[in-house]
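Novice: Please read through the structure below; I'll follow up with questions.
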Amino acid sequence: MSPQQTTRGRLPLGGHSYQPTADEVESLIARAREHPLGLEFLERGALDSVSATFRTHAFVVDAARERLARTEPPTDT
């Protein structure tokens, strides 16, 4: 496998960053719901810790956080 390839596909060359797929994001959110640390850890945990715990790229964690922020109803504080 070349350095530009991953198990999920090819990484673009030339300054472009990896773009997580919707399936990767949804899978991470589903796994976080089932994990003992839960969604709160996904949303608020240190990025490197969340990535390592769920064995996923930090960009997938960021995308999942953005997705959750868009879909969660605001809380009254």
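Novice: Looking at the range 51-65 only, could you name the residues that are assigned to a loop (DSSP other than H, G, I, E, B) and at negative phi?
Specialist: The answer is 56, 57.
Novice: Any residue at all in the range 23-36 that is assigned to a loop (DSSP other than H, G, I, E, B) and modelled with pLDDT of 95 or more?
Specialist: Yes, the range 23-36 contains a residue that is assigned to a loop (DSSP other than H, G, I, E, B) and modelled with pLDDT of 95 or more.
Novice: Next up: List pairs: first residue in the range 20-43 and touching a residue at least 12 places away in the same chain (Cβ under 8 Å) and within 14 Å of residue 61 (Cβ to Cβ), second residue among the hydroxyl-bearing types (Ser, Thr, Tyr) and not in a helix (DSSP H, G or I) anywhere in the structure, Cβ distance under 8 angstrom, at least six positions apart or on different chains.
Specialist: 24/56; 28/56
Novice: Do we have any residue at all in the range 41-50 that's modelled with pLDDT under 95, of a type outside the set (Phe, Trp, Tyr) and not in a helix (DSSP H, G or I)?
Specialist: No, every residue in the range 41-50 fails to be modelled with pLDDT under 95, of a type outside the set (Phe, Trp, Tyr) and not in a helix (DSSP H, G or I).
The values are calculated or read from the model by the stated rules, or taken from the named source; none is laboratory data. Computed from a predicted model, the values in this text were never measured in an experiment. Ideal geometry is used to build each Cβ from the backbone, glycine not excepted, and the neighbour counts take in all protein chains shown.
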